[in-house]
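Heads up: the structure comes next, in structure tokens.
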Amino acid sequence: MSNDFDNTKPYILQVIEHQTGLKFKKIGNQYNLNPCPFCKHNDCFFVKSDNNDHFFKCQSCGEGGTVHDYIAKTTSLNLSEGLKLISDITGCQLQNTPNSTPKHKSNNIHEVIAKYYHQVFLQDAEKQKYQLQVRGHATETIKKQIIGVTDGRLHIHLKKEGYTEPESLQSGFISKENGILKDQYYPGVTVYPQIDINGNVGHFRFRNERKNKKFQLSNDYKNPEINFYNMPAFKQDHIYVVEGEHDAMSLM
Ligand SMILES: [Zn+2]
């Protein structure tokens, strides 16, 4: 949680200042507030940091703890109300706020998958060299066609993006073996997302230049409106029909 505040004033300071109407003074690597909100003595109340965790401690009365402890000790708010108060004071949405809205996730999981594999592609020098130098495609075309590479870690990414197990399994990209989710496609396979007439990802083609192993995503998972690679071409006045993805990309 505290990583969110790395570059800002530790929010425990904001909260205690707000609640007491007093100002902290920075002394070395700690902050002093006078008087102590608990015992009212001077020069004894400090906020210290341990990495990114911040604590208050009074050397006179011994009170101490986190920002949550501070709220609990000085107000009658329950945990949820306390978190709300902290978030109101600091303007930060705390990650463990109860009833916080779940992370927004795209309805089109295939779009998320295409973007993920494209990020993997952008870190794979060998695959980029193949597309740019061997196939001679333009960087812009590769970006527009969201060319990707599998890495065997898609199931982890989908979970992080908030997709449930059934949603991941229904994508056609994830399978379950002995109760454990795993990627359907082993690492290093080039992915050619197929885009519908509105520019949305609706299907995929896979090519493995090295191993020449043939496998494709079942048509069960296909957007039925996709009959050709690069469907947005149907919005143009003239359409060129070519054999494969690389021929199509060469014309873009
Ligand atoms: Zn004290």
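The values are calculated or read from the model by the stated rules, or taken from the named source; none is laboratory data. Everything numeric here is computed off the predicted structure, so don't read it as measured data. A quick note on method: Cβ atoms are made from the backbone with ideal geometry, for glycine too, and the neighbour counts reach across all protein chains shown. These area figures cover heavy atoms from the full protein model, side chains too; ligands, DNA and RNA do not enter into them. Shrake-Rupley method; radii C 1.70, N 1.55, O 1.52, S 1.80 Å.
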Problem set entry | Expected 222 nm ellipticity per residue - DSSP helices of 4 or more, -39500 (n - 2.57), all of the chain, to 500 | -8000 deg cm²/dmol
Problem set entry | Cβ-placed point charges (K, R +1; D, E -1), dipole of region 2-90 about Cα centre in debye, nearest 20 | 320 debye
For this session: Provide the per residue accessible area, probe 1.4 Å, for region 114-252, rounded to a whole number of square angstrom.
Result: 60 Å²
Problem set entry | Å² of accessible area per residue within region 2-90, as computed with a 1.4 Å probe and no ligands counted | 56 Å²
For this session: Please report, in debye to the nearest 20, how large the charge dipole of region 109-251 is about its Cα centre when each Lys and Arg carries +1 at its beta carbon and each Asp and Glu carries -1 there.
Result: 440 debye
For this session: Compute the whole-percent fraction of alpha carbon pairs in region 109-251 spaced more than 19 Å apart.
Result: 52 percent
Seminar exercise, completed: Under a Gaussian network model of the chain whose springs join Cα atoms within less than 10 Å, the largest fluctuation of Gln123, Gln184, Gln30 belongs to Gln30
Seminar exercise, completed: Length-normalised contact order of region 2-90, Cα under 8 Å, at least 6 apart, in percent, tallies to 21 percent
Problem set entry | Dipole magnitude of the chain about its Cα centre (Cβ charges: Lys, Arg +1; Asp, Glu -1), debye to nearest 20 | 400 debye
Exercise. For region 2-90, what is the Kirkwood estimate of the hydrodynamic radius, computed as the reciprocal of the mean inverse distance between distinct Cα atoms, to one decimal in Å?
Worked result: 13.2 Å
Exercise. How big is the shadow of the Cα convex hull of the chain, averaged over all directions, in nm²?
Worked result: 20.2 nm²
Exercise. Which percent of the accessible heavy-atom area of the chain goes to carbon and sulfur, probe 1.4 angstrom?
Worked result: 48 percent
Exercise. Under 16 Å from a point 7 Å along the Cα-to-Cβ line of Ile239: which residues of region 172-203 have their amide N that close?
Worked result: 195-199
For this session: Positive end of the charge dipole of region 2-90 (Lys, Arg +1 and Asp, Glu -1 on Cβ, about the Cα centre): tell me which of Asn51, Ile71, Gln30 has its Cα farthest that way.
Result: Gln30
For this session: Among the listed pairs Lys115/Lys182; Lys25/Lys48; Lys9/Lys105; Lys23/Lys57; Lys144/Lys176; Lys9/Lys115, give every one whose C-alpha distance is greater than 23 Å.
Result: Lys9/Lys105; Lys144/Lys176; Lys9/Lys115
